[in-house]
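Report on the following structure.
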Amino acid sequence: MISKLDSVLLAQKKFIYNYKNMRWAKGRNETYLCFVVKRRLGPDSLSFDFGHLRNRTGCHAELLFLSYLGAYSVTWFCSWSPCANCATTLTRFLRQTPNLRLRIFVSRLYFCDLEGSPHVEGLRDLRRAGVQVKVMSYKDYFYCWQTFVAHRLSRFKAWEGLHTNYVRLSRKLNRILQPCETEDLRDVFRLFGLLT
């Protein structure tokens with residue numbers, strides 16, 4: 001999947017610009033997706049592939065990644081959470097690929113301010129499909145910096161507000177995904193006749 005190490009590393013400024021978890025991300029119209037793919041080669045061995053993708057004309061980064069995919073344990077680090085359309089396509093793909101485990105770490109939530117937003121429902125659908133969606137913390141940014149950025153031995157420096165925005169976005173994501181857990185409990189209560 002990956003031939004040259006130089007081609008998988010992001011420039012420092014590009015990483016900071018696209019992954020900075022600011023409240024209003026004006027001018028950031030592309031989604032970057034950094035990925036790690038673990039492949040089981042045998043009972044005692046794994047191989048790892050990593051790299052990054054960004055939107056191409058007519059194709060979102062999430063969907064572009066699917067064209068590279070077989071069936072593995074996959075971790076994405078996205079500058080934006082998936083939009084509703086990508087979430088629907090991913091959910092459909094995951095139903096057809098039961099041996100795929102997907103974790104998505106996001107820098108920002110894509111248009112999730114309104115409760116009825118299709119993007120909110122898309123995140124809930126991903127959760128129901130077994131996808132683990134989390135907001136990127138300092139350690140995730142540090143990992144991305146070390147793994148995906150051409151940092152030339154410079155250290156990752158957290159920007160002002162990184163932790164505060166992480167806490168705010170994590171709480172927001174938890175509130176979005178909470179109804180999933182509540183709906184699941186209601187189904188269990190109905191099953192046992194405790195709820196009509």
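The values are calculated or read from the model by the stated rules, or taken from the named source; none is laboratory data. Just so it is clear, the model here is predicted, and its values are computed rather than measured. Quick reminder, even Gly has a Cβ in these numbers, built from the backbone with ideal geometry, and neighbours come from all protein chains shown. Just so you know, the surface numbers come from the protein's heavy atoms only, side chains and all, with ligands and any DNA or RNA stripped out. Shrake-Rupley method; radii C 1.70, N 1.55, O 1.52, S 1.80 Å.
Within the range 1-11, track down each residue that is modelled with pLDDT of 85 or more and buried (at least 16 other Cβ atoms within 10 Å of the Cβ).
Step one: filter the range 1-11 for residues modelled with pLDDT of 85 or more, giving 9-11.
Scanning the range 1-11 gives L9, L10.
Just one of G130, G116 is at pLDDT below 95, touching a strand residue (DSSP E or B) at 6+ places or on another chain (Cβ under 9 Å) and in a loop (DSSP other than H, G, I, E, B); which is it? Full working, then the answer.
Working: G116 fails: touching a strand residue (DSSP E or B) at 6+ places or on another chain (Cβ under 9 Å).
Among G130, G116, only G130 is at pLDDT below 95, touching a strand residue (DSSP E or B) at 6+ places or on another chain (Cβ under 9 Å) and in a loop (DSSP other than H, G, I, E, B).
Is at least one residue of the range 102-110 more than 8 Å from the chain's Cα centre (by Cα) and either in a helix (DSSP H, G or I) or without any contact (Cβ under 8 Å) to a residue 24 or more places away in the chain (or both)? For the range 102-110, residues more than 8 Å from the chain's Cα centre (by Cα) and either in a helix (DSSP H, G or I) or without any contact (Cβ under 8 Å) to a residue 24 or more places away in the chain (or both): absent. Does at least one position in the range 80-103 carry a residue that is closer than 17 Å to F35 by Cβ, touching a strand residue (DSSP E or B) at 6+ places or on another chain (Cβ under 7 Å) and among the polar types (S, T, N, Q)? Yes, the range 80-103 has at least one match. Among the residues making up the range 12-34, those that are among the hydrophobic types (A, V, I, L, M, F, W, C), open to solvent by less than 60 Å² (accessible area, probe 1.4 Å) and at pLDDT below 90 are M22, A25.
Taken as a whole, the range 54-63 holds at least one residue that is open to solvent by 10 Å² or more (accessible area, probe 1.4 Å), touching a residue at least 24 places away in the same chain (Cβ under 8 Å), at negative phi and part of a strand (DSSP E or B). T147 passes every criterion in (1) open to solvent by 10 Å² or more (accessible area, probe 1.4 Å); (2) outside any helix (DSSP H, G or I) apart from (2).
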